[in-house]
Amino acid sequence: MRSSPFFSFLNLFIIVLFSTFCSCKKPEPARITIEGTISDATGTVSGAEIQLAVKEISSGTFSNNFVVFHTTNSNALGKYLHDFEAYNAIEYKIDVAGQNRFSESLVFDSDELQKNETNTYDFYLQPKAWYKVIIKNTSPVDSSDLLQYQITSSQPICSSCCGNTISVLIGDTVNTSLKCLTLGNTTLDIGWVVTKNGFTNSYSNSITCNTGDTAVYYLNY
């Protein structure tokens, strides 16, 4: 049986309409999933704050600044996860901060992320403690009394961190204190050299720095 012209036209119309509908349908936007675990020397860290930021290309303009687009906290198992629609981005950044711990940051190019897949970024946070030394010349001889003091164990690097710089104190009225950030749950080693009346003597000691606390050492010389 031959098809009527009407049915042939109807079939052609349906095919054209379906093709037009398919060609106009936009593809699903790519998504990115970022997850990871926050830990320290004692195990996983819950309650750590994780910020995700992006340098975006908007209207053909490159941004020089990171803009935070998501903030979350690690759960009871130290884990975090965020799924989002991919930005037209230059770079992404992850900032992690935990109570009484040194912060960590990671910056990476957008093409390092696998779209429509899970990207894992784990972070290890170093515990934080304060150290304070109170220095006093308790047996002065004269104004040429000399103290050279130094923290000898390895220290973290930050603007408020202790470091290993040698402090030189001169005089018979020295009475001062120094306070700085150091690693928690560690033993901090110190050494000092005293010169008085032409005689030089060297000393050393150590002090335990507990996480979140201030360890105080009295250095009388």
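Evaluated over the chain, the count of Lys pairs having alpha-carbon atoms less than 24 Å apart is 13 (only pairs 8 or more residues apart or interchain). In the chain, the calculated helix contribution to ellipticity at 222 nm averages -3000 deg cm²/dmol per residue, counting -39,500 (n - 2.57) for every DSSP H run with n ≥ 4. With one equal scatterer per alpha carbon and no solvent term, the Debye-computed log10 I(q)/I(0) for region 31-78 at 0.26 1/Å reads -0.97. Distance between the 7 Å Cα→Cβ label points at Asn88 and Cys180: 4.8 nm.
For region 111-116, the Karplus equation 6.51 cos²θ - 1.76 cosθ + 1.60, evaluated at θ = phi - 60°, returns couplings of 6, 7, 8, 8, 6, 6 Hz by residue, with Gly and Pro reported as x. Around the amide H of Gly184, modelled in the peptide plane, lie the amide H atoms of Lys128, Ala129, all under 5 Å away and 5 or more residues distant in sequence or on another chain.
Computed from Cα positions, the angle between helix 5-24 and the longest principal axis of the chain comes to roughly 10 degrees.
Protection proxy ranking for 189-195, 126-132, using the average of other Cβ atoms within 10 Å per residue and placing the highest first: 126-132, 189-195.
The modelled label-to-label distance for the pair Asn75/Ile207, using points 7 Å beyond Cα in the direction of Cβ, is 4.2 nm. Annotation: Cα Rg of the chain relative to the compact-globule expectation 2.2 N^0.38 Å equals 1.84. Stretching the chain fully between Thr61 and Asp189 yields a gain of 40.9 nm (0.36 nm per residue, less the alpha carbon separation). Based on C-alpha pairs under 8 angstrom that are at least 6 apart in sequence, the chain has a relative contact order of 18 percent.
Taking amide H positions as modeled 1.01 Å from N, with prolines and chain starts lacking one, the residues under 5 Å from Ala30 and 5 or more places away or on another chain are Ala86. The phi-based Karplus calculation (6.51 cos²θ - 1.76 cosθ + 1.60; θ = phi - 60°) puts the 3J(HN,Hα) values of region 85-92 at 6, 4, 7, 7, 10, 8, 9, 10 Hz, whole numbers, x for Gly and Pro.
Mean separation of Cα pairs under 8 Å and 6+ residues apart, divided by the residue count of region 102-208: what relative contact order is that in percent? It rounds to 29 percent for region 102-208.
Only the coordinates and a few stated rules stand behind these numbers; no lab work does. Source: prediction; values computed, not measured. In this analysis, Cβ positions are derived from the backbone assuming ideal geometry, glycine residues included, and neighbour counts consider all displayed protein chains.
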